[in-house]
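Heads up: the structure comes next, in structure tokens.
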Amino acid sequence: MQKPDLTPKDYADILNNVPEGLFYRFPLCLVNGVPLMKHIAEQWEGVEKFQARPDDILIATYPKAGTTWMQEIVDSIMNNGELEKNKRAPTHVRSPFLEICSPPPVPSGVDILNNTPSPRLVKTHLPFKLVPESFWEHKCKTIYVARNAKDNAVSYYFFDRMNKTQPDPGTWDQYVERFLTGEIAWGSWFDHVIGWWNAKDKHDVLYMFYEDMKEDPKREIRKVMKFLGKNFSEEVLDKICQHTNFKAMKENPMANYSTVPNMLLDQNLSPFMRKGEVADWMNYFTESQNKMFNMEYEKRMKGTDLKFRTNI
Ligand code: PPS
């Protein structure tokens with residue numbers, strides 16, 4: 001029997017009233033070789049057996065690659081540019097996070113999705129090989145966003161400091177190494193971006209780049225619009241560009257994660273909408289870190305025609 005809808009208010013109430021100690025920096029456990037937070041690993045069967053619906057839209061990313069930005073763009077497109085509708089709930093309710101699991105009473109991503117009416121916008125950070133098979137059986141449209149490794153690493157480092165449910169990132173120097181070895185939540189950036197790159201021609205996957213979106217947001221939003229089978233006037237496209245730019249999203253409580261309690265995401269440590277730039281990595285990588293990173297990068301990217309820009 002279908003459970004009653006979980007409203008945004010219900011969800012906020014649950015998060016705001018969790019017993020002390022429920023959230024802590026969850027350790028990582030391997031799921032088919034990929035490190036995931038303990039509760040996800042423990043409830044993996046539910047994720048693996050998740051039943052997609054043919055009109056689901058899957059938004060897939062490595063963490064911190066531009067997920068929230070794409071979620072806001074896709075919601076704007078699905079609402080045909082009637083942006084008032086985007087205000088109905090915060091991002092994590094409008095576009096639930098497939099694999100996320102916390103201890104009860106916090107509902108899992110699967111529970112929330114099962115209570116979400118179609119068409120659903122589903123967020124995932126899963127590498128291609130772990131995505132539930134039903135998405136491919138139903139030929140679901142999927143949008144993947146990739147971000148260059150250096151900016152992705154910096155963004156993830158700051159996020160791991162403020163996200164109180166993920167392992168402590170340690171120092172930046174330690175983190176750079178862990179990022180390269182993939183000993184962080186959701187595993188290796190290399191495996192992720194390459195795995196999805198190889199999958200894009202076998203399934204209905206639109207592969208997007210954060211750097212392209214920064215360079216020419218309108219051009220990139222138009223790509224997404226066409227992929228989703230829509231056709232808007234220039235005026236509507238301009239409105240969506242305006243609504244989804246960094247400044248607008250940083251100020252939008254329905255997009256900036258300010259509705260999630262600080263105990264979970266401590267925005268005093270680092271705002272969720274931090275900088276939103278390309279090449280911010282230059283402010284953090286030392287010369288020797290950069291050299292070491294470049295060497296490993298070359299090795300790991302050998303044999304793929306996937307190319308990134310670390311500057312625009
Ligand atoms: S998460 O937690 O994985 O869902 O995070 P994700 O949304 O993938 O990534 C967060 C980073 O994306 C930046 N961001 C944006 N950049 C440009 N324009 C817009 N509209 C936008 N919205 C979010 C956000 O600031 C994080 O990047 P950094 O470099 O840390 O600022």
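The values are calculated or read from the model by the stated rules, or taken from the named source; none is laboratory data. It should be emphasised that the depicted structure is a prediction, and the values quoted were computed from it without experimental measurement. Counting neighbours? That spans all protein chains shown, and the Cβs are built from the backbone with ideal geometry, glycine included.
Here are some notes:
Conditions (1) farther than 24 Å from Val34 by Cβ; (2) small (Gly, Ala, Ser); (3) more than 16 Å from the ligand (Cβ to nearest atom), marked per residue:
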position: Thr67; (1), (2), (3): no, no, no
position: Val74; (1), (2), (3): yes, no, no
position: Met78; (1), (2), (3): yes, no, yes
position: Glu82; (1), (2), (3): yes, no, yes
position: Thr116; (1), (2), (3): yes, no, yes
position: Arg120; (1), (2), (3): no, no, yes
position: Lys123; (1), (2), (3): no, no, no
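The rows are residues; the columns are (1) hydrophobic (A, V, I, L, M, F, W, C); (2) over 14 Å from the mean Cα position of the chain (by Cα); (3) surrounded by 15 or more Cβ atoms within 10 Å (Cβ to Cβ).
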position: Met37; (1), (2), (3): yes, yes, yes
position: Trp44; (1), (2), (3): yes, yes, yes
position: Pro54; (1), (2), (3): no, yes, no
position: Leu58; (1), (2), (3): yes, no, yes
position: Tyr62; (1), (2), (3): no, no, yes
position: Ala65; (1), (2), (3): yes, no, yes
position: Glu82; (1), (2), (3): no, yes, no
position: Lys85; (1), (2), (3): no, yes, no
position: Arg94; (1), (2), (3): no, no, yes
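- Residue in region 242-250 that is of a type outside the set (D, E, K, R), in a loop (DSSP other than H, G, I, E, B) and either surrounded by 16 or more Cβ atoms within 10 Å (Cβ to Cβ) or touching a helix residue (DSSP H, G or I) at 6+ places or on another chain (Cβ under 6 Å) (or both) present: yes
- Filtering region 287-304 to residues that are touching a residue at least 40 places away in the same chain (Cβ under 8 Å) and either within 16 Å of the ligand (Cβ to nearest atom) or not in a helix (DSSP H, G or I) (or both) leaves only Thr304.
- For region 116-138, a tally of residues being of a type in the set (Lys, Arg) and more than 15 Å from Asn79 (Cβ to Cβ) returns 2.
- Inside region 93-103, residues that are touching a Pro at 6+ places or on another chain (Cβ under 9 Å) and modelled with pLDDT under 95 make up a count of 1.
- Apart from one condition, Asp212 fits all of (1) in a loop (DSSP other than H, G, I, E, B); (2) free of Cβ contacts under 8 Å to residues at least 60 places away in the same chain; the exception is (1).
- Which listed residue is surrounded by 17 or more Cβ atoms within 10 Å (Cβ to Cβ), in a helix (DSSP H, G or I), touching a strand residue (DSSP E or B) at 6+ places or on another chain (Cβ under 8 Å) and touching a residue at least 60 places away in the same chain (Cβ under 8 Å), from Trp186, Trp196: Trp196
- Listed conditions (1) surrounded by fewer than 14 Cβ atoms within 10 Å (Cβ to Cβ); (2) over 30 Å from Pro8 (Cα atoms) are all met by Arg300, apart from (1).
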